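Below you'll find the structure, written out as structure tokens, and then a few comments.
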Amino acid sequence: MINKRLLIKHLLAHNDENSFYDKKRKVDISHKEGKAKFLKHICALSNSNPKNNSFIVIGVQDEDNNITGVDFFDDSKIQNLINAYLTNPPIVQYENISFPHLSDDKVVGLVTIRPTGQITSLRKNIWKYYGGSVFFRDGSMSMPKVFDIEIKDVNSKIVEAIEKHAQNNIEHTLNGVFDFMNNRKDYNAQYKVFKEYFVVCWAGQKKVVKEDVFYSRVDIELINEQVRLFFSALDEVSIDYNDSSFKIIEYVNLGLQGSNKYYQLEETIINFEDNAQYSIETKLLFKAPQFDKKVLHHIYNTNNAILEKLKKGMLLTESESIDLKNLPVTYLICYLNNFDEAIHKLTEAKPYLKEYNSKTYSLYKEAIRILRKVKYS
């Protein structure tokens with residue numbers, strides 16, 4: 001089993017980006033330009049590596065390889081995006097890798113692209129790239145090319161050696177468990193060994209509601225690979241496990257005018273096999289709550305008025321400041337109730353919410369995370 005933290009270190013040791021790996025300070029697939037560039041890199045790496053995995057490391061400064069980290073990104077539906085836009089799509093996995101020097105809310109993103117042996121191309125137009133375009137890696141650049149020769153295998157031995165040197169061992173696993181238990185001891189930290197091989201650690205603030213146990217500020221890691229499986233500072237999560245599986249059900253708190261309820265968002269099950277393999281299955285459980293349209297129109301117009309004041313740099317009243325805290329989730333609720341323009345308004349509000357304060361911006365990111373899960377399902 002590969003220790004993904006070690007793998008990233010070995011990739012960065014190659015210093016310059018090349019035809020089997022790329023590094024990015026951040027990736028944003030919430031808008032067309034960012035989505036198009038991400039798809040271009042996936043396409044190019046897949047085509048340039050027909051016999052070996054290729055990688056994108058996210059959260060690293062390009063100039064000096066300084067690891068600064070990015071926000072936790074839930075990738076469970078990213079394959080749907082790849083399948084929608086690419087012909088002969090590769091299998092793509094996005095993982096969140098913990099590093100000790102980063103704050104709790106930061107990780108390094110690792111994108112692994114598994115080869116298909118077929119030419120991958122854009123299925124349809126996106127941003128300034130045309131459907132049918134084929135990209136390859138030219139050194140550290142992803143370039144469009146006319147494909148008329150057989151793809152050469154030039155990287156498989158190099159990548160095989162890198163992955164071999166990143167294999168996990170008992171020392172890395174034990175250190176990972178001790179680090180997690182010590183760092184999360186204030187959050188009911190626990191661990192369990194599955195199939196005598198896999199170690200899962202988790203922590204969260206425990207809350208009992210009518211004999212049901214929920215956790216908030218949840219952190220879950222598969223220690224063998226140094227992969228953070230789940231992180232949320234806001235949502236409620238239920239956890240259940242047996243000798244061969246670990247199940248997470250995530251809940252989101254939605255409502256209007258103080259009448260909030262918890263709704264099931266997504267179920268994730270990690271199944272551990274006897275042959276030292278595991279699989280992760282996710283299922284969207286969310287059913288959007290429906291609200292009175294007249295109430296929603298009033299809230300939507302109020303949000304728009306607040307957004308206009310933010311744009312003009314005007315001071316908010318006390319009641320508007322309270323409404324601003326709810327603006328991300330109420331825009332989300334409006335969108336889920338067929339106010340199609342609400343999502344554009346929410347995206348438009350991003351820089352102003354970020355500037356206003358960190359709490360409001362974190363609520364914006366949470367609303368976008370929920371939307372992404374629903375959209376790509």
Study note, to complete from the structure: In segment 40-68, anything crowded, with 22+ Cβ neighbours inside 10 Å and on the phi > 0 side of the Ramachandran plot is listed as G59
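Yes or no, residue by residue, for (1) modelled with pLDDT under 90; (2) assigned by TED's automatic domain parsing to the domain that holds V218; (3) surrounded by 15 or more Cβ atoms within 10 Å (Cβ to Cβ); (4) among the charged types (D, E, K, R):
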| site | (1), (2), (3), (4) |
| --- | --- |
| F147 | yes, no, no, no |
| D153 | yes, no, no, yes |
| K157 | no, no, no, yes |
| A161 | no, no, no, no |
| G176 | no, yes, yes, no |
| M181 | no, yes, no, no |
| Y187 | yes, yes, yes, no |
**Study point:** Subset of segment 69-83 [acidic (D, E), surrounded by fewer than 20 Cβ atoms within 10 Å (Cβ to Cβ) and outside any strand (DSSP E or B)]
**Key:** D75
Check your understanding: For D64, are the conditions met, namely being farther than 30 Å from V199 by Cβ and in a strand (DSSP E or B)?
Key -> no
Exercise for review: Mind telling me which of the residues L6, L11, L45 ends up being over 19 Å from the mean Cα position of the chain (by Cα), outside any loop (DSSP other than H, G, I, E, B), touching a residue at least 40 places away in the same chain (Cβ under 8 Å) and farther than 14 Å from V111 by Cβ?
Suggested key: L6
Exercise for review: Within segment 240-253, track down each residue that is touching a Lys or Arg at 6+ places or on another chain (Cβ under 7 Å) and in a strand (DSSP E or B).
Suggested key: D240, Y241
Review point. Out of segment 84-125, which residues are modelled with pLDDT under 90 and crowded, with 17+ Cβ neighbours inside 10 Å?
Key: P115
**Study point:** Of all residues in segment 272-320 being touching a helix residue (DSSP H, G or I) at 6+ places or on another chain (Cβ under 8 Å) and hydroxyl-bearing (S, T, Y), the one that is nearest to T347 (Cα to Cα)
**Key:** Y300
Practice item. Give segment 254-271 a look and list any residue that's small (G, A, S) and assigned to a loop (DSSP other than H, G, I, E, B), or say none. Key: G258
Check your understanding: Where residues in segment 14-34 are part of a helix (DSSP H, G or I) and at pLDDT 90 or above, which of them is farthest from the chain's Cα centre (by Cα)?
Key -> E33
Study note, to complete from the structure: Sole miss for R184 among (1) under 19 Å from Q277 (Cβ atoms); (2) touching an Asp or Glu at 6+ places or on another chain (Cβ under 9 Å); (3) among the charged types (D, E, K, R) is condition (1)
Check your understanding: Restricting attention to segment 217-233, does a residue exist that is β-branched (V, I, T) and closer than 30 Å to K325 by Cβ?
Key -> yes
Practice item. With the condition kept exactly as written, say whether any residue in segment 206-213 is among the acidic types (D, E), in contact (Cβ under 8 Å) with a residue 24 or more places away in the chain, exposed (fewer than 14 other Cβ atoms within 10 Å of the Cβ) and in a strand (DSSP E or B). Key: yes
Revision key, fill the gap. Counting only residues in segment 258-303 that are of a type in the set (G, A, S) and within 21 Å of F198 (Cβ to Cβ), the one surrounded by the most Cβ atoms within 10 Å (Cβ to Cβ) is identified as A276
Review point. What pairs come up if the first residue lies in segment 319-334 and is touching a residue at least 24 places away in the same chain (Cβ under 8 Å) and under 13 Å from E366 (Cα atoms), the second is basic (K, R) and assigned to a helix (DSSP H, G or I), and their beta carbons are under 6 Å apart, counting only those six or more places apart or on different chains?
Key: Y331/K345
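Listed here are the residues, each with its yes/no results for (1) more than 23 Å from H10 (Cβ to Cβ); (2) more than 23 Å from the chain's Cα centre (by Cα).
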position: I158; (1), (2): no, yes
position: I162; (1), (2): no, yes
position: H172; (1), (2): no, yes
position: N182; (1), (2): yes, yes
position: N188; (1), (2): yes, yes
position: K195; (1), (2): yes, yes
position: G204; (1), (2): yes, no
Check your understanding: If we keep just the residues of segment 214-234 that are among the charged types (D, E, K, R) and over 14 Å from A189 (Cα atoms), which is surrounded by the fewest Cβ atoms within 10 Å (Cβ to Cβ)?
Key -> R228
Exercise for review: Return yes or no: is K37 part of a helix (DSSP H, G or I) and either at positive phi or surrounded by fewer than 20 Cβ atoms within 10 Å (Cβ to Cβ) (or both)?
Suggested key: yes
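The values are calculated or read from the model by the stated rules, or taken from the named source; none is laboratory data. Just so it is clear, the model here is predicted, and its values are computed rather than measured. Reconstructed Cβ throughout: ideal geometry from the backbone, glycine too, with neighbour counts over all protein chains shown.
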